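Quick notes on the structure that follows.
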Amino acid sequence: MKNKVLSLTNIIIAVTVFMYLVQNNMEHGIVKMGMNLLFLEYGLWYQPLSSMFVHGGIMHLLFNMFVLYQFGNLIESHRGAIRFGLLYFVGGIATSLLSFLFIYTMGMNHNMVGASGAICVLLGYVALLDRFQRKGIIVWVLLISFAPLLIGMPIAWYAHIIGFAIGWILGYIL
């Protein structure tokens, strides 16, 4: 990749930051754009994609974009923008849908937001391909999934695990 500034990863980051600003200036933006029961009740078909671009707060956004910058640009520079884009968007949408299925079947009514499910797809992909980093990535995914729960932070831990598994599977396919 010759021009890192114009990488697909960096474009996704810019769009995500823009969408964070939009969601904060929309009435009920985070609910309309997050992945929740409105998906079924009102047919908000865009939620599996839009939920990847909205975030629960500035720290949530900054942390996700930091990790996306690192792993997204890494994958994109080694595998190309098309493969990275397929991995991020197909994996992210699949993670949104399977996470929704999980909360729906468990009788939960959460509003899932954030790019971390799609980012965990990237982590699963890298963990499959790089056996030297595998243990560290697995430990990291487990920490970001369960440590926040210990201090009472509402986190979609299942989206992290589902995303990681999807990334691992997509690693075999791609």
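Bear in mind that the values in this text are calculations on the coordinates, not laboratory data. This is a predicted model, so every value here is computed, not measured. As a convention, Cβ positions derive from the backbone with ideal geometry for all residues, glycine included, and neighbour counts pool all protein chains shown.
Some observations on this one:
- What the Cα atoms of segment 52-150 give is an Rg and a Dmax of 13.9, 41 Å.
- Among the listed options [x] 1.00; [y] 0.95; [z] 1.10, the one matching Rg/Rh (Cα atoms, Kirkwood Rh) as calculated from these coordinates is [y].
- Summing charges over all other residues whose Cβ lies under 13 Å from the Cβ of L142, with Lys and Arg as +1 and Asp and Glu as -1, gives +2.
- In sequence order, calculated HN-Hα J values of segment 95-103 (Karplus, 6.51, -1.76, 1.60; Hz; x Gly/Pro): 5, 4, 5, 5, 5, 4, 4, 4, 5
- Taking only alpha carbon atoms, segment 1-93 gives an Rg to Rh ratio of 1.01, where Rh is the Kirkwood radius.
- Listed from fewest to most Cβ neighbours within 10 Å, the set H60, H55, H28 follows the order H28, H60, H55.
- Helix 8-24 and the longest principal axis of the C-alpha atoms of the chain enclose an angle of approximately 20°.
- Annotation for Y69 and D130: the two label points, set 7 Å from Cα along the Cα-Cβ direction, are 1.7 nm apart.
- Phi angles across segment 40-53 convert, under the Karplus curve 6.51 cos²θ - 1.76 cosθ + 1.60 with θ = phi - 60°, into 3J(HN,Hα) values of 8, 5, 10, x, 6, 4, 7, 4, x, 8, 5, 4, 6, 10 Hz, Gly and Pro given as x.
- Excluding the site residues themselves, the longest part of the chain lacking any trypsin sites (Lys or Arg not before Pro) in a DSSP loop with at most 14 other Cβ atoms within 10 Å is 3-130.
- The 3J(HN,Hα) values that the Karplus relation (6.51, -1.76, 1.60; θ = phi - 60°) gives for segment 119-126 are, in residue order, 5, 5, 4, 4, 5, x, 4, 5 Hz. Gly and Pro appear as x.
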